[in-house]
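Let me begin by presenting the structure, written as structure tokens, before commenting on it.
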Amino acid sequence: MKLGEPTLDQLRLFIAVADHGSFGGAARALGRAVSAVSYGIAQLEAQLALSLFEREGSRRPVLTPAGEGLLPEARAVADGVDALLAKTRSLHAGLESALTLVVDVMVPGDLTARVLGEFRRMFPTCALTLRIEGLGAVGACLVGGGADLAIGGPVIGEHPGMERQAIGEIDLIPVAAPSHPLARAGVAPGESRRHLQLVLTDRSPLTEGLEFSVLSPLTWRLGDLGAKHSLLKEGLGWGNMPRGMVAGDLASGALVELDLPEKPGAHYRLSALWRRDTRLGPAASWLVDAFREGLGACPAGSSLRT
């Protein structure tokens, strides 16, 4: 039997239908007509002399055993072509003329300021746009094409459209004003659930409905870490904060680190993130290294203030 040679477009259609679970979903994602997607899949099946999807008796296409076996190979081919094109673009482009960076609000501001100050000296011709976002909004900027590079935390998960490189972590600790009931010694298990918890949140669809280190059913949801900081110092609730951001408050006694039985604090792991269909240019690569070095210069549990 003589097999045909599938086109890259047919392989991308195959991957899209498998990922979105329907011909209509693939068509919307690719900006194509449903008939074009259906025709492309039929042509691919004819080229391979195999059925890739079961269509009868089901409202949604389901991968056949052959389709399941060939899907990883199709992804590998598409990823390889994406990598080739991205590298070619970077070779043509050379140094970026412009770069949009989005930074997680948990990254210490003084570290970001030092890195970007040095960046302006190193790359004076690269126009840098900076965005500060929280939680899933960091990844949403990348997925939506509004940013080229992100320094973000773990909460956006392993999004299939992103590359990720671990660069460090910061210490999140539960804190409250010294007058808060949870600030005393010997807090009983479960007592934290009876007190208002101040929670950083965002409206990104990447983290919609997810909870992160939330213990109390009594919560105020805040999109601004600075506002959360101010409310904590006023004694209006308790919550997790980056240790570096509250180091001065801990030293002065304006805030205290809580010794809760549930140990809600955590190491907030940070990664450099970028879209899989791109490759980092010299300026973006420098930023990744600079943030990694800055985070590595200070242990997770120490203050990053100078």
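The values are calculated or read from the model by the stated rules, or taken from the named source; none is laboratory data. Just so it is clear, the structure is predicted and the values come from calculations on it, not from any experiment. Neighbour counts are summed over all protein chains in view; Cβ atoms, including those assigned to glycine, are modelled from backbone coordinates with ideal geometry.
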State all residues of the stretch 98-152 that are hydroxyl-bearing (Ser, Thr, Tyr) and assigned to a helix (DSSP H, G or I); if no residue qualifies, say none. THR112
Give me the residue from the stretch 134-152 that is modelled with pLDDT of 85 or more and within 17 Å of HIS267 (Cβ to Cβ) and, out of that set, nearest to the chain's Cα centre (by Cα). GLY152
Look at ARG12 and say whether it is within 20 Å of GLY161 (Cα to Cα), charged (D, E, K, R), within 30 Å of the chain's Cα centre (by Cα) and not in a helix (DSSP H, G or I). no
Taking the stretch 15-46 only, how many residues are of a type outside the set (A, V, I, L, M, F, W, C), in a helix (DSSP H, G or I) and under 17 Å from GLU68 (Cα atoms)? 3
Residue that is modelled with pLDDT of 80 or more, in contact with a Ser or Thr (Cβ under 6 Å, 6 or more places away or on another chain) and outside any helix (DSSP H, G or I), where the choices are ARG221, ARG193: ARG221
When the stretch 39-75 is examined, which residues are found to be of a type in the set (Ser, Thr, Tyr) and over 18 Å from THR7 (Cα atoms)? SER58, THR64
Would you confirm whether or not the stretch 157-165 contains a residue that is more than 14 Å from THR278 (Cβ to Cβ), surrounded by fewer than 16 Cβ atoms within 10 Å (Cβ to Cβ) and at pLDDT 90 or above? no
How many of the residues in the stretch 230-255 are farther than 21 Å from GLY294 by Cβ and buried (at least 20 other Cβ atoms within 10 Å of the Cβ)? 6
Of ARG60, ARG32, which residue is over 30 Å from ALA290 (Cβ atoms), modelled with pLDDT of 90 or more and of a type in the set (D, E, K, R)? ARG32
Scanning the stretch 243-268 residue by residue, those in contact with a Ser or Thr (Cβ under 9 Å, 6 or more places away or on another chain) and not in a helix (DSSP H, G or I) turn out to be LEU258, LEU260, PRO261, GLU262, PRO264, GLY265, ALA266
If we scan the stretch 275-284, do we find a residue that is among the hydroxyl-bearing types (Ser, Thr, Tyr) and modelled with pLDDT under 90? yes
Subset of the stretch 166-191 [over 23 Å from LEU218 (Cβ atoms) and surrounded by 18 or more Cβ atoms within 10 Å (Cβ to Cβ)]: ILE167, GLY168, GLU169, ILE170, ASP171
Which one is modelled with the lowest pLDDT, of the residues in the stretch 166-190 that are farther than 20 Å from TYR268 by Cβ and in contact with a helix residue (DSSP H, G or I) (Cβ under 7 Å, 6 or more places away or on another chain)? LEU182
Just checking, how many residues over the stretch 20-77 are under 19 Å from PRO160 (Cα atoms) and in contact with a helix residue (DSSP H, G or I) (Cβ under 7 Å, 6 or more places away or on another chain)? 9
